[in-house]
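**Student:** Pasting a structure below so you can have a look.
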Amino acid sequence: MKIKLVKSTFYKEGETKKKLADFILGAQFLSMGAETRKFEEDFAKKQGRRFAVMTTSGSAANLLLLQALKNLGRLNDGSRVGFSALTWSTNVMPIIQLGMKPVPLDSELETLNVSPRILTSKIKGLEALFLTNVLGFADDIEGIRKLCLESGIIFIEDNCESLGSKVSGRLLGNFGLAATFSFFVGHHFSTVEGGMVATDDEELYQELLMARAHGWDRNLPEKRQKEIRLAHRIDDFFAKYAFYGLAYNLRPTEIQGFLGRDQLGYWDEIVSRRASNFTAFAKVIAANPDLISLELGHMELISNFAVPLIAKDKKTFERYRKIFEENDVEIRPVIAGNIVRHPFWKSETKTETLPNADFIHENAFYFPNNAELTEEEIEYLLNLLEK
Ligand SMILES: Cc1ncc(COP(=O)(O)O)c(C=O)c1O
């Protein structure tokens, strides 16, 4: 048997592709419009946020969010921004690209996430925390929220791997000022490429709308459009091409908006399957003394992205790596391991000690969990964990 990390482009692939083909045949325009707006509204509602802004990818969402915070003057050149060392490249890269100072934070081995303990040790001078919710897991994220609040730190979440996970009745992505999401193939649901920023902050929402598309006011609500034109003394003709703040073009297409609306309908089904698969894997991992078991009892719902196998030492890691590879199961590093060990990282903080991120880098990998795993495939994976 061969088990790949990504089984299909879409949940219910056949039906979705047919619906997509019909949509394209019937659509007049495919550039961003009503479908995308509707998806944003539906997503915001499902996530329990006031606003959502769709982008071309999760990476684009990260870049956009940081740019919007800079445009608003809430972050500045040189601002110190904490981030999880266990993360993806395009979580930390925009911090560097936008002239801010990235401060890597270690993870707890028991949760793979930053804890209040770790944040406290690096909190001095931080202006923002861009936390990654790793693989659908969280540490004491409420404690992190409180610490940021008390210290005047802007708290934002990269929730690209954790759609649907919950702690104390609250979805991950709803603890900070704003959160980003990815709809790339293999994530909880896919629009092929796609991302989102969600927030309750109206001022930030309006800045996101402008920074997503050229810096113009065209996508703003009418009232705000009028205000901004008046403030800058721009009449309706020149407003067509007036640019107010630093921006990009990170707009999705209607194809992505359509796909998002369709796949959003499967949210609950996808999340509950990923959660129950994870419970089965976690039970076997906990019973295996060669593996390190996560402590996630504080989480209400674990919408797992992929399953981490953390070996107790390098020799055990190599043994399990061989078992999985020889049995045709696709495995990858846990996100990117310690991201500051990658060649792009040239900061003076290179010598920083991040012992747990290093341990994960060297002794862990992840294997597939997705909503379409069959019982036979789950059994097959469980057997490998018992070897
Ligand atoms: C934590 C995290 N942030 C950002 C991204 C980037 O998302 P995208 O592939 O949609 O650009 C990923 C991708 O897997 C990720 O894991």
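**Student:** In the range 156-195, what residues are touching a residue at least 40 places away in the same chain (Cβ under 8 Å), within 9 Å of the ligand (Cβ to nearest atom) and within 16 Å of LEU64 (Cβ to Cβ)?
**Tutor:** Listed by number, the residues that qualify are ASP158, CYS160, THR180, PHE181, SER182, PHE183, PHE184, GLU193, GLY194, GLY195.
**Student:** So which helices (runs of 4 or more DSSP H) are wholly in the range 267-386 and hold at least 3 residues that are more than 29 Å from LYS46 (Cα to Cα) and touching a residue at least 40 places away in the same chain (Cβ under 8 Å)? Explain how you work it out, then say what you get.
**Tutor:** Working: elements: 267-286, 314-326, 355-363, 375-385.
Filter on the range 267-386 gives 314-326, 355-363, 375-385.
**Student:** Just to be sure, is ARG74 within 20 Å of GLU161 (Cβ to Cβ), in contact (Cβ under 8 Å) with a residue 24 or more places away in the chain and charged (D, E, K, R)?
**Tutor:** no
**Student:** Report yes if some residue within the range 231-243 is under 15 Å from THR55 (Cα atoms) and either assigned by TED's automatic domain parsing to the domain that holds GLU379 or not in a helix (DSSP H, G or I) (or both); otherwise report no.
**Tutor:** Let us first name the residues in the range 231-243 that are under 15 Å from THR55 (Cα atoms), namely none.
For the range 231-243, residues under 15 Å from THR55 (Cα atoms) and either assigned by TED's automatic domain parsing to the domain that holds GLU379 or not in a helix (DSSP H, G or I) (or both): absent.
**Student:** For the range 77-96, does any single residue satisfy the condition of being farther than 30 Å from PRO343 by Cβ and more than 15 Å from the ligand (Cβ to nearest atom)?
**Tutor:** no
**Student:** So, ILE123, is that one in a loop (DSSP other than H, G, I, E, B), more than 16 Å from the ligand (Cβ to nearest atom) and closer than 24 Å to ILE360 by Cα or not? Give the derivation first.
**Tutor:** Values: in a loop (DSSP other than H, G, I, E, B): yes; more than 16 Å from the ligand (Cβ to nearest atom): yes; closer than 24 Å to ILE360 by Cα: yes.
So ILE123 passes the test.
**Student:** In this structure, is GLU227 over 24 Å from GLN67 (Cα atoms) and in a helix (DSSP H, G or I)? Don't jump to the end; show me each part of the working.
**Tutor:** Details: over 24 Å from GLN67 (Cα atoms): no; in a helix (DSSP H, G or I): yes.
No; evaluated as a whole, the condition is false for this residue.
**Student:** Let me ask something else. Which one of these does PRO343 not meet: (1) open to solvent by 20 Å² or more (accessible area, probe 1.4 Å); (2) under 17 Å from ALA275 (Cβ atoms); (3) not basic (Lys, Arg)?
**Tutor:** Failing condition for PRO343: (2).
**Student:** Continuing with this model, one more query. Sort through PHE367, PHE278, PHE305 and tell me the only one that's closer than 24 Å to THR132 by Cα and in contact with a Cys (Cβ under 9 Å, 6 or more places away or on another chain). I'd like the intermediate steps shown before the answer.
**Tutor:** Details: PHE367 fails: in contact with a Cys (Cβ under 9 Å, 6 or more places away or on another chain); PHE278 fails: in contact with a Cys (Cβ under 9 Å, 6 or more places away or on another chain).
PHE305 is the lone residue from the list that is closer than 24 Å to THR132 by Cα and in contact with a Cys (Cβ under 9 Å, 6 or more places away or on another chain).
**Student:** Of the residues ALA60, ALA128, which single one is of a type outside the set (Asp, Glu) and within 25 Å of VAL167 (Cα to Cα)?
**Tutor:** Only one candidate qualifies: ALA128.
**Student:** Within the range 72-93, is even one residue in contact with a strand residue (DSSP E or B) (Cβ under 6 Å, 6 or more places away or on another chain) and in a helix (DSSP H, G or I)?
**Tutor:** yes
**Student:** Can you tell me which of TYR244, TYR248 is open to solvent by 10 Å² or more (accessible area, probe 1.4 Å) and within 16 Å of the ligand (Cβ to nearest atom)? Steps first, please.
**Tutor:** Values: TYR244 fails: within 16 Å of the ligand (Cβ to nearest atom).
So the residue among TYR244, TYR248 that is open to solvent by 10 Å² or more (accessible area, probe 1.4 Å) and within 16 Å of the ligand (Cβ to nearest atom) is TYR248.
**Student:** While we're here: Can you tell me which condition HIS187 does not meet? The list is (1) open to solvent by less than 70 Å² (accessible area, probe 1.4 Å); (2) in contact with a Ser or Thr (Cβ under 7 Å, 6 or more places away or on another chain); (3) under 30 Å from VAL6 (Cβ atoms); (4) of a type outside the set (Lys, Arg), and all the others hold.
**Tutor:** In the conditions (1) open to solvent by less than 70 Å² (accessible area, probe 1.4 Å); (2) in contact with a Ser or Thr (Cβ under 7 Å, 6 or more places away or on another chain); (3) under 30 Å from VAL6 (Cβ atoms); (4) of a type outside the set (Lys, Arg), HIS187 misses (2) alone.
**Student:** In the range 251-266, which residues are open to solvent by 20 Å² or more (accessible area, probe 1.4 Å) and either without any contact (Cβ under 8 Å) to a residue 24 or more places away in the chain or part of a loop (DSSP other than H, G, I, E, B) (or both)?
**Tutor:** Once the filter is applied, which keeps residues that are open to solvent by 20 Å² or more (accessible area, probe 1.4 Å) and either without any contact (Cβ under 8 Å) to a residue 24 or more places away in the chain or part of a loop (DSSP other than H, G, I, E, B) (or both), the range 251-266 yields ARG251, GLY265, TYR266.
**Student:** If the requirement is being within 16 Å of the ligand (Cβ to nearest atom) and in a loop (DSSP other than H, G, I, E, B), which of these qualifies: LEU112, LEU129? Even if it seems obvious, please write down each step before you answer.
**Tutor:** Numbers: LEU129 fails: in a loop (DSSP other than H, G, I, E, B).
Of the residues listed, the single one that is within 16 Å of the ligand (Cβ to nearest atom) and in a loop (DSSP other than H, G, I, E, B) is LEU112.
**Student:** Please count how many residues of the range 190-209 are assigned to a loop (DSSP other than H, G, I, E, B) and open to solvent by less than 10 Å² (accessible area, probe 1.4 Å). Break it down stepwise before answering.
**Tutor:** If we filter the range 190-209 for residues that are assigned to a loop (DSSP other than H, G, I, E, B), which is where we start, we get 190-194, 200-201.
Pick out the ones that are also open to solvent by less than 10 Å² (accessible area, probe 1.4 Å) and you get 190-191, 194.
Final tally of qualifying residues: 3.
**Student:** Let me ask something else about it. Residues in the range 33-71 that are within 15 Å of the ligand (Cβ to nearest atom), among the polar types (S, T, N, Q), in contact with a helix residue (DSSP H, G or I) (Cβ under 6 Å, 6 or more places away or on another chain) and not in a strand (DSSP E or B): how many?
**Tutor:** Selection size over the range 33-71: 2.
The values are calculated or read from the model by the stated rules, or taken from the named source; none is laboratory data. What you see is a predicted model; the values in this text were computed from it and never measured. Cβ sites come from the backbone with ideal geometry, for glycine too, and all protein chains shown count toward neighbours. Heads up: the accessible areas ignore ligands, DNA and RNA and are worked out on the full protein's heavy atoms, side chains in. Shrake-Rupley method; radii C 1.70, N 1.55, O 1.52, S 1.80 Å.
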